[in-house]
Amino acid sequence: MGTSPGQSSTGTQTVPGQTPQTEPPAALGPVYAEHLQRLLDRFSEATVPAWRYADGIPTASVPAERLVEVCAWLRDGSTPRFELLIDVCGAHWPTRQLPFEVTYLFHSVDTNLRLRLKCSAGGETPTLPTICDVYPAANWPEREIWDMFGVVFEGHPDLRRILTPNDWEGHPLRKDFPLGEEPVEFYRSPAITPSVSAEAGGGAGTE
């Protein structure tokens, strides 16, 4: 038995002049900033972290093997182009499968937009490719991350310590770096300094 316009049957409802909808609408995916969406479309391996960032800067994670290619595309091929590398920093998340995370922050001069990339490494000797050939400004920040976290940047032109002495053992910002008192290298016992009043002859005399 059929239904006339305006009547309902199981799972459908018709409205005069409209075709009844028999399937639910497709779920819409998340909406990203245009420049982030272009990166996701260009590199299928790129993903968006589940974290929410208070600064609102669009963020993507890329695998180590695509890092240099993504950075070169951001500089030369994306719209807008991201000519400036603003910062490179590291973090250690011991419970993650790839516990060492390096974050890159890029800036577009033309549009004043920013984009954040994240790339992670693991293993006994965590290793990522250097991006110095694409962004020379990464030189010293990558040295600092090597010094503090022990992440090796393969292909870096001068990968050596930059904050700690050359003979320092370990990497101080790793979460498993031993805590405790470190001896002060240049230490002298404080000399007994006479009081100002005594120097001026104002000290209490004795009989």
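The values are calculated or read from the model by the stated rules, or taken from the named source; none is laboratory data. Note that the coordinates shown come from a computational prediction; the quantities given were computed from them, not determined experimentally. Cβ atoms come from the backbone with ideal geometry, glycine included; neighbour counts cover every protein chain shown.
Before moving on, here are some points about what is shown:
- Phe82 vs. criteria farther than 19 Å from Trp140 by Cα, buried (at least 17 other Cβ atoms within 10 Å of the Cβ), aromatic (Phe, Trp, Tyr) and in contact with a Leu (Cβ under 7 Å, 6 or more places away or on another chain): yes
- Where Asn166 falls short, out of the listed (1) loosely packed, with under 13 Cβ neighbours inside 10 Å; (2) touching a residue at least 12 places away in the same chain (Cβ under 8 Å): (2)
- Criterion applied to Glu83, Glu124, Glu101 was being modelled with pLDDT under 95 and among the acidic types (Asp, Glu), and the one residue passing it is Glu124.
- Whether a residue is more than 22 Å from Trp146 (Cα to Cα), touching a residue at least 60 places away in the same chain (Cβ under 8 Å) and out of contact with any Asp or Glu (no Cβ under 6 Å at 6 or more places or on another chain) was assessed, and Pro49 passes this test.
- Residues that are in a loop (DSSP other than H, G, I, E, B) and small (Gly, Ala, Ser) within the range 87-119 comprise just one, Ser108.
- Where a residue in the range 94-123 is without any contact (Cβ under 8 Å) to a residue 40 or more places away in the chain and more than 11 Å from Leu74 (Cβ to Cβ) and its partner, wherever it lies, is outside any loop (DSSP other than H, G, I, E, B) and acidic (Asp, Glu), with Cβ under 8 Å and at least six apart: Thr103/Asp87
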